[in-house]
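J.: The structure that follows is given in the form of structure tokens.
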Amino acid sequence: MRGLRAMFVSDVHVRPNTTQAELDALVDRIAGASPQLLLLGGDYSDFAEDCVRFFNALGRLAFPLGAYGVLGNNDAEAWMGHLKALRKTMSQAGCRLLINASVDIPLGGGKLCVGGIDEYRYGNAHTNRLWSDEGNGNGNRILLSHYPVLPKEQPELMLCGHTHGGQF
């Protein structure tokens, strides 16, 4: 994983009064870091329409190793009963929604496993059988979760949103 440039973005909370210029500035800031991998921690917006605006803006970027995200509580509320539409919105922007699922990303002769768990308040968050390499201890697992709740099956790195107060 030496030299990997990954970026974690969470809790952008795009709202009806968020201007296109503000969205463009956020996307420009992401682009300026030149991440190979984008990881999203949820709470993209409080409303489906604004979530679409966020992913439309984000869709002008490409990430060589992909973009992956999880649901936040606000997303679950905004898209209640319309998860298929959210998946489509994210997919059109080149981002994959992970709900109690993982993806293996080929990397430097090995792989990086990125997993995402469901939203705790409205969903059914669990890590059962999340990793395709269960038990081999390759040390290359990143878990995305909106809530900072340590699961039973622990990864080497867990990235969470929801705190709204910064992370260390």
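The values are calculated or read from the model by the stated rules, or taken from the named source; none is laboratory data. Just so it is clear, the model here is predicted, and its values are computed rather than measured. With ideal geometry, Cβ positions are generated from the backbone for all residues, glycine too; neighbour counts draw on all protein chains shown. SASA here: full protein model, heavy atoms, side chains in, ligands and nucleic acids out. Shrake-Rupley method; radii C 1.70, N 1.55, O 1.52, S 1.80 Å.
J.: Among (1) closer than 30 Å to GLU156 by Cβ; (2) open to solvent by 10 Å² or more (accessible area, probe 1.4 Å); (3) among the hydrophobic types (A, V, I, L, M, F, W, C); (4) at pLDDT 95 or above, there is one condition ALA25 misses while meeting the rest; what is its number?
T.: (1)
J.: Picking from LYS88, LYS111, which residue would you name as being surrounded by fewer than 20 Cβ atoms within 10 Å (Cβ to Cβ), closer than 23 Å to ARG15 by Cα and among the charged types (D, E, K, R)?
T.: LYS88
J.: What do you reckon, is GLY69 modelled with pLDDT of 95 or more, crowded, with 23+ Cβ neighbours inside 10 Å and either out of contact with any Asp or Glu (no Cβ under 7 Å at 6 or more places or on another chain) or basic (Lys, Arg) (or both)?
T.: Here the answer is yes, as GLY69 does meet what is asked.
J.: Please count how many residues of region 134-161 are at pLDDT below 85, under 18 Å from TYR120 (Cβ atoms) and either out of contact with any Cys (no Cβ under 6 Å at 6 or more places or on another chain) or not in a loop (DSSP other than H, G, I, E, B) (or both).
T.: 6
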